[in-house]
Amino acid sequence: MSWIEKLYRTYENCEREIGNPNDEVPLLPVCHSTQKAHITITIDGEGNFLRAVLVPKLESRTIIPATEDSAGRTSGTTPHPLCDKLQYVAADYKEYGGEKDLCYEMYLELLKKWSASDLDNMKLQAVLKYVSKGRTIEDLVTAKILHCAFDGSEQPALANQRPESGSKQDKSKFDIFSLLPGGFDKDGKYKPWQADAFIRWSIEIPDVLHSEVWSDKELWDLWQKYYRSLKPDKGLCYVTGEETTLADMHPAKIRNDGDKAKLISSGKTKDKNGKIKVNDNCGYTFSGRFTTSDEACGVSFDSTQKAHNALRWLISRQGKKGVQSVIAWAVSGADIPDPFADTYSLVSGDTNEEAPKKDCYTAQEFGTAFSKRIEGYSKAIGPTDDIVVMALDSATPGRMAITFYRELTGSDLIARVEEWHSGCKWHQDYGNGVVFDGAPSPKDIAEVAFGTWRDKKMHIDEKLRKATVERLLPCIVDRTPIPRDLVVSCVRRASNRNGIERWAWEKALGIACALYRHHNTERRYDMALEKDRTTRDYLYGRLLAMAERLESDALRLADENRETNAARLMQRFADRPYSTWRTIELSLAPYKSRLRSRQAGWLYLLEKEIDNIICSFGADDFISDKGLSGEFLIGYHCQRSARLGKEGKKDQDAESMKSNEEINEGGE
């Protein structure tokens, strides 16, 4: 139960964030949940209808009081105590064509019991007075928030869809259909329509400034106090070690509002009449060791509510809302570096931010920015602060599992993040101006290793992505080596540049080099060109880069924009370098002639460099046709960067001019 204890402590440390309107998913109070509201009904203190407005989608997330049953409500009919759908709050739901079971009486009974616990709360009493009138939908139709389909009957029903006829201005009056479009599914059943609208309340009372019930902290506390009074059963909480009220059910909606998967479940649910039923009556639930679920796992109501609320809030803040969620947090609530972000995201904070321009970018500037960011995190996190890294995944819609869990100290996390970003560092070009020297993210590695290029972007099977990310987590957190098959897959992808756009290939090339370098740390590859490194694969990579440079320069002179032979034959070159080099070298003849006529000095430098590389091969290395390892990509990338670098270009131009002068002097 360590994870739930850490989350419980995190909630306790971050209570100041409860209900923060700046959070997309706020940290919820205990006994509360969130729903997407569609309509706000405003009433006065006496329960009289004043007006109603539609809620914009961006403002629809609403904090509501909830019971354990209603928070996990799926297709059941358990009401929320205050804000709910028309099916619950409107007595005239059936009169206006509502198709589902009317749950008004259940809602009214719950609201009456709650309001009876504190007769002084005017907002609660006002809502009770209003819903008791039983004319909620009638008021909404009169206010032209809901719309009826007039078919000539005495009691018109709510329209299922927006009217097709009428002007654009007329259709704009039916804005409820932009929130709940209606229609029928393939089985002929109603899709979400205006009768499914979720209602929230605003109560205007003289001398009371705060009218919205969904952000009223007094109402939050009132509901918590009342609901706790309904749960007298006590037992040992495994989280706090105290005798307290145990939870009957544990919250869902962990990753998003539609998430039904639970981390803790005993298979115990309640039927429509509130009677507890055990789904698994064959002994599998408790493995035959216990007679009740509380004996197997006793967690207090407050502990599970706080832990799950904290988990939901953390997942939302870190933007990991997919089926697989990987989060890292400090129990103290301090900001920590995201261990699974690429270096660019870690430094800039967001890849959507404007990227630094290439002409003002230097690796030194980026390295300094990274060091400052890490230093900032080091100051914010104490060396002994508790850090938790956790991955969640669900194989079925109803159950969720923790697939990765590690507890670290603050100093450990900083050291391991820094080590990953320096050990897996390479020059990366993600296109759209995102250029940096650093490590890729596990998500990008998975795409390069196993993705397929389609519709101008990389696609990957979601299960394969999840499995790959999960395999990479220990590489970052536990410092384990990167799996060899991932390195080989990335190298194969980067070696085959045909059929994908250049930016995607450049991204694959940078990631493949980074992984190969990290996987072979003992070889100590430098990110700059190493002219004294004479291994066969490295030299062959340099040769390919030189051939590509020579041909591309000749094409540029003729204003031709097409792929070079070296680029087209890269995959074949990686498999059979010696025989393919002969093909590439022979194809360079016309391009050499073109350069010789217009840039003889530059051609002299290129040919001289090629000769130097070939002379660096061992006796039998050059004529071997054995396939190349990922090292040839490192040699290729370093040689290409050295020739294309700004300073390198200046040196080349200066050396070219000097050579031209020497040639001219020799000719004279």
Task: Per-residue ³J(HN,Hα) for the stretch 505-511, Karplus 6.51 cos²θ - 1.76 cosθ + 1.60, θ = phi - 60°, Hz, x for Gly and Pro - done: 5, 4, 5, 5, 5, x, 5
Task: Phi to ³J(HN,Hα) by Karplus 6.51 cos²θ - 1.76 cosθ + 1.60 over the stretch 592-603, Hz, x for Gly, Pro - done: 5, 4, 5, 5, 5, 6, 10, 9, 5, x, 5, 5
Open item on the list: Before I look further, what does the chain give for accessible area per residue, probe 1.4 Å, in whole square angstrom?
Closed with: 48 Å²
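Among 182-189, 477-484, what's the highest-first ranking by average C-beta atoms within 10 angstrom per residue?
In decreasing order of mean packing, 182-189, 477-484 become 477-484, 182-189.
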Task: C-alpha long axis of helix 536-557 to longest principal axis of the chain, angle in ° - done: 90 degrees
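Based on the mean of other Cβ atoms within 10 Å per residue, sort peptides 564-570, 220-226 so the most packed one is first. Let's see the in-between values first.
Details: 564-570: 19.9, 220-226: 17.7.
In decreasing order of mean packing, 564-570, 220-226 become 564-570, 220-226.
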- [ ] At 7 Å along the Cα-to-beta-carbon direction for both residue 225 and residue 149, put a label point, then send me their distance in nm to one decimal.
- [x] 4.8 nm
- [ ] Report, by chain and number, residues whose modeled amide H sits under 5 Å from the one on residue 202, excluding near sequence neighbours (fewer than 5 apart, same chain).
- [x] 41, 42, 43
TODO: Taking H placed 1.01 Å from N in the peptide plane, check which residues at least 5 places from residue 32 or on another chain put their amide H under 5 Å from its amide H.
DONE: 66
Task: Degrees between helix 217-229 axis and first principal axis of the chain (Cα, 0 to 90, nearest 10) - done: 70 degrees
Open item on the list: Roughly how far apart, in whole Å, are the Cα centres of the stretch 32-50 and the stretch 558-609?
Closed with: 73 Å
TODO: Return the distance in nm (one decimal) between the two label points of a simple spin-label model at residue 59 and residue 464, each offset 7 Å from Cα along Cα→Cβ.
DONE: 4.6 nm
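Based on the Kirkwood radius over alpha-carbon pairs, what value in µm²/s does the Stokes-Einstein equation return for the translational diffusion coefficient of the stretch 407-517 at 10 °C and 1.306 mPa s? Walk me through the numbers before you get to the answer.
Working: Rh = 14.4 Å.
Using the Kirkwood radius from Cα pairs, D works out to 111 µm²/s.
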TODO: Report ³J(HN,Hα) in whole Hz for each residue of the stretch 77-86, in order, from the Karplus equation J = 6.51 cos²θ - 1.76 cosθ + 1.60 where θ = phi - 60°; Gly and Pro get x.
DONE: 10, 8, x, 7, x, 10, 9, 6, 6, 4
Task: Separation of the residue 16 and residue 2 label points, Cα + 7 Å toward Cβ, nm - done: 2.9 nm
Task: Under 11 Å, Cβ to Cβ, from residue 479 - net charge with Lys/Arg +1 and Asp/Glu -1 - done: -2
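Residue separation times 0.36 nm, minus the C-alpha to C-alpha distance between residue 585 and residue 36: what's the value? Don't skip to the answer; put the middle values down first.
Values: separation 549, 0.36 × 549 = 197.64 nm, distance 6.54 nm.
Contour length minus the Cα-Cα distance gives 191.1 nm.
Which order, highest average first, do 623-631, 136-144 follow once you tally other Cβ atoms within 10 Å for each residue and take the mean per peptide? Before the final figure, lay out the partial values.
On the way: 623-631: 16.1, 136-144: 18.9.
Output ranking for 623-631, 136-144: 136-144, 623-631.
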TODO: Mind listing the long-range amide H neighbours of residue 403? Cut-off is under 5 Å, sequence gap 5 or more, other chains count too, H placed in the peptide plane at 1.01 Å from N.
DONE: 391, 392, 393
Task: Estimated FRET transfer efficiency (residue 422, residue 596; beta-carbon r; R0 35 Å; 0.05) - done: 0.20
TODO: May I ask for the angle, rounded to the nearest 10°, between helix 646-667 and the longest principal axis of the chain, with both axes built from Cα atoms and the value confined to 0 to 90°?
DONE: 20 degrees
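The values are calculated or read from the model by the stated rules, or taken from the named source; none is laboratory data. None of these values were measured; they are calculated from a predicted model. Glycine gets a Cβ as well: all are built from the backbone with ideal geometry, and neighbour counts include every protein chain shown. Side chains are part of the model used for accessible areas, which takes the heavy atoms of the whole protein and leaves out ligands, DNA and RNA. Shrake-Rupley method; radii C 1.70, N 1.55, O 1.52, S 1.80 Å.
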